[in-house]
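Colleague: Structure below; questions to follow.
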Amino acid sequence: MLSTIRTFGDWLASTDLSATIQNVSWIIPTVQTVHIVSVAVVIGAVFLVDLRILGVFAPTQSLAALSHRFLTWIWYALAVLFLTGAILIIGEPGRSLLNPAFFAKIIMIVVVAVLTYLVQRPLRSDAGYWDSSNSRRLTLKAIAVASLVLWSLVVFAGRWIAYVTPISV
Ligand code: HEM
């Protein structure tokens, strides 16, 4: 498995597209900037909604309205993150593809994106869904805490890719 990833990374690095991304000086800084602005959109939206769930922010505003207003944005921002992340990988595959911080980041993104969707989806058809029983209220608070921790760890892992040595195969 790891050697297949290695072979794929070596092939990617030898493509013309990878060479262009490496050699055109403005591409990487521009793509990194777009990646970071999109991180700000995701983190801003999820923190506002999670802090509302925990009663810290805007406790009088309806969760359904806040979720509709803010969480909707994160799916667009995630698509941009995926695209810009892919460009960064193609430019320098050896830096991320076999990097434990990158593995951790992708696994956490999948888990926390599913959690975010599970909070958002029932609110579309039933604004009072999460407020209809004590067990739902408790589940929602637990998801909000997990979401705050996981999204923060995704940011840490993203930054740490630069400092963790990739696995050598
Ligand atoms: C959805 C797929 C994503 C992919 C494929 C991806 C990929 C990458 C790659 C390849 C890098 C460059 C690492 C390096 O070479 O140092 C990076 C940086 C980073 N990513 Fe992502 N990323 C994704 C989503 C996210 C998300 C959702 C977040 C946070 C909410 C995030 C936060 C960061 C941060 C903070 C950095 C460091 C930026 C810097 O130091 O310049 N990424 N990402």
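Colleague: Is it the case that I43 is in a helix (DSSP H, G or I) and either of a type in the set (F, W, Y) or without any contact (Cβ under 8 Å) to a residue 40 or more places away in the chain (or both)?
Modeller: Against the criterion (in a helix (DSSP H, G or I) and either of a type in the set (F, W, Y) or without any contact (Cβ under 8 Å) to a residue 40 or more places away in the chain (or both)), I43 does not qualify.
Colleague: Six or more apart or on different chains, Cβ under 6 Å: which pairs go from a residue in region 68-85 that's part of a helix (DSSP H, G or I) to one that's of a type outside the set (A, V, I, L, M, F, W, C) and within 11 Å of the ligand (Cβ to nearest atom)? Could you list them?
Modeller: Listed pairs, sorted by first residue: A77/S38; V80/S38; L81/S38; T84/H35.
Colleague: If you go through region 100-115 one residue at a time, how many are touching a helix residue (DSSP H, G or I) at 6+ places or on another chain (Cβ under 8 Å), within 21 Å of L12 (Cβ to Cβ) and either within 8 Å of the ligand (Cβ to nearest atom) or not small (G, A, S) (or both)?
Modeller: So the answer is 3.
Okay, residues lined up against (1) acidic (D, E); (2) farther than 22 Å from G44 by Cα:
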{"position": "L97", "(1), (2)": "no, yes"}
{"position": "A101", "(1), (2)": "no, yes"}
{"position": "L118", "(1), (2)": "no, no"}
{"position": "R121", "(1), (2)": "no, no"}
{"position": "D126", "(1), (2)": "yes, yes"}
{"position": "L140", "(1), (2)": "no, no"}
{"position": "L148", "(1), (2)": "no, no"}
{"position": "V169", "(1), (2)": "no, yes"}
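Colleague: If only one of L118, L97, L81 is of a type outside the set (S, T, Y) and more than 14 Å from the ligand (Cβ to nearest atom), which one is it?
Modeller: L118
Colleague: Another question, if that's okay. When region 104-119 is examined, which residues are found to be crowded, with 16+ Cβ neighbours inside 10 Å and not small (G, A, S)?
Modeller: K105, M108, I109, V112, L115, T116, V119
Colleague: A further question follows. Just to be sure before I move on: is V31 over 22 Å from I161 (Cα atoms), in a helix (DSSP H, G or I) and within 11 Å of the ligand (Cβ to nearest atom) in the structure I sent?
Modeller: no
Colleague: Collect the residues in region 113-142 that are out of contact with any Leu (no Cβ under 7 Å at 6 or more places or on another chain) and among the hydroxyl-bearing types (S, T, Y), keeping them in residue-number order.
Modeller: Hits for region 113-142 are Y117, S125, S132, S133, S135, T139.
Colleague: Of everything in region 125-150 that's free of Cβ contacts under 8 Å to residues at least 12 places away in the same chain and of a type in the set (D, E, K, R), which residue is surrounded by the fewest Cβ atoms within 10 Å (Cβ to Cβ)?
Modeller: That would be D126.
Colleague: Checking the conditions here, which among S135, S147 is under 16 Å from L71 (Cβ atoms), modelled with pLDDT of 95 or more and part of a helix (DSSP H, G or I)?
Modeller: S147
The values are calculated or read from the model by the stated rules, or taken from the named source; none is laboratory data. Fair warning: this is a prediction, and the values are worked out from it, not measured in the lab. Cβ sites come from the backbone with ideal geometry, for glycine too, and all protein chains shown count toward neighbours.
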